[in-house]
């Protein structure tokens, strides 16, 4: 696996070499690419070895040179079961879907119950746009094999690996639950009104406003040791509504996150176990903004900065990372 | 007789008729579908240290299913057991669950 922030010309040359690629970048550049073995999605932000940056003239390309086969497609919102049905016996799947799309909402809710989802890594991210053009530009995804562009589909790249290769998919989440009350939701979804806080029925939006809670910090739930965030999109106290970037799930115990004091140091600590530059990763635009990652490295992790991340399921304010390693020959 | 150490320090003996299934794809023995450890795991009574992200997510998804509707517990046990049967990469987590 190789990562590089490339010009269009260099990306075209890679595609011409029949490389298998996962590409991210501005719409105009993605539209200029020829057909080939690639999928892509829009973003204007990248994490590079030197730090986060916004570029309109570069594409972030990950080459899967370990692959022995690949196939790609854009799945419609009602065809997400194809994600697990079409994968290879040994390998992994990369996905990208547009922010604000029906497909994203459908995957966020139904994805976790796809048969066999957890049997093979599913890594990916949510396509976005430049933050200055939210509501004007439209996030989109690309299937390089057919030339298809979609504003509401899930682009999937199924990669087959040799038996000697092992894939590792994990997350780096800087947030842990704080000391506050348990928050649970009788009804799940992206939009909520009522919840139980410490067991007491409460309107979440008014609770947040009345207490001056910092909504740059997510809700965090402990998934058997994995800390899973749900980030706040809007809080409307007047109408008593909160909108999240991922659905809350009934039966799950959430807490407001504890404040992170030094994001850079936390990423460096997370990267200590291996060479982050050799992994494919994506980091959340909320971390980019709230943690001030522009111009600051994040432990060597490189990749697109995105409007959501996937490590099997939809994640918020999380770094998702994928690595491939080969067993040593006997 | 085999004993199991739960997360709360209680010792639980396997139910009569319980057994280890050694017919699956790996050398790692898999507890039979009627073993109480599955129930304790999916009801949250047992909280072993799980390392693999996939295992963490599937256990939590099934725990939520069971918490919202206890009647699905048998199906949840079958699904989790099948996950371990199919995925060798998760066997270090199986060891954490069974203790051997």
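Measuring r between the beta carbons of residue A:132 and residue A:278 and using R0 = 41 Å, the FRET efficiency lands at 0.80. For residue B:49, put the label point 7 Å out on the Cα→Cβ axis and report which residues of segment B:70-96 keep their amide N under 12 Å from it. Those under the cut-off are B:96. Shown here is the pair-distance distribution of segment A:183-256: with all Cα-Cα distances grouped in 5 Å bins from zero up to the longest one, the shares run 4, 17, 30, 31, 14, 3, 1, 0 percent.
Which value results for Rg/Rh of chain A when Rg is the Cα radius of gyration and Rh the Kirkwood radius based on the inverse mean 1/r?
Here Rg/Rh amounts to 0.96.
Cα-based Rg of segment A:195-330 per 2.2 N^0.38 Å, rounded to two decimals?
1.21
Which of the three applies to segment A:1-49, rounded, prolate or oblate, going by the alpha-carbon gyration tensor with a ≥ b ≥ c and a/c under 1.5 meaning rounded?
It comes out oblate by the Cα gyration axes.
Going by neighbour counts of Cβ atoms within 10 Å, the residues A:114, A:219, A:5 line up, fewest first, as A:114, A:5, A:219. Restricting the calculation to Cα atoms, segment A:1-94 shows an Rg/Rh of 0.98 when the hydrodynamic-style radius is the Kirkwood one. With contacts taken as Cα pairs under 8 Å at a separation of at least 6 residues, segment A:183-256 carries a relative contact order of 41 percent. The share of Cα pairs per 10 Å bin across segment A:118-189, counted from zero up to the longest distance, runs 12, 25, 32, 24, 7, 0 percent. Once the Cβ-Cβ distance between residue A:261 and residue A:209 is put in as r, and R0 is 22 Å, what FRET efficiency do you end up with, to the nearest 0.05? Here the calculated transfer efficiency is 0.30. Projection of the Cα convex hull of segment A:84-126, averaged over all directions and equal to a quarter of that hull's surface, yields 3.0 nm². Using C-alpha pairs below 8 Å separated by at least 6 residues, the relative contact order for segment A:217-305 is 25 percent.
Per-residue ellipticity at 222 nm, computed for chain A from helices alone with -39500 (n - 2.57) per DSSP H run of at least four residues, works out to -3500 deg cm²/dmol.
Relative contact order of chain A, taken over Cα pairs closer than 8 Å and 6 or more residues apart, is 23 percent.
Bear in mind these aren't lab numbers, they're just calculated from the coordinates by the rules spelled out. Small disclaimer: the values here were computed from a predicted structure and weren't measured. Ideal geometry is used to build each Cβ from the backbone, glycine not excepted, and the neighbour counts take in all protein chains shown.
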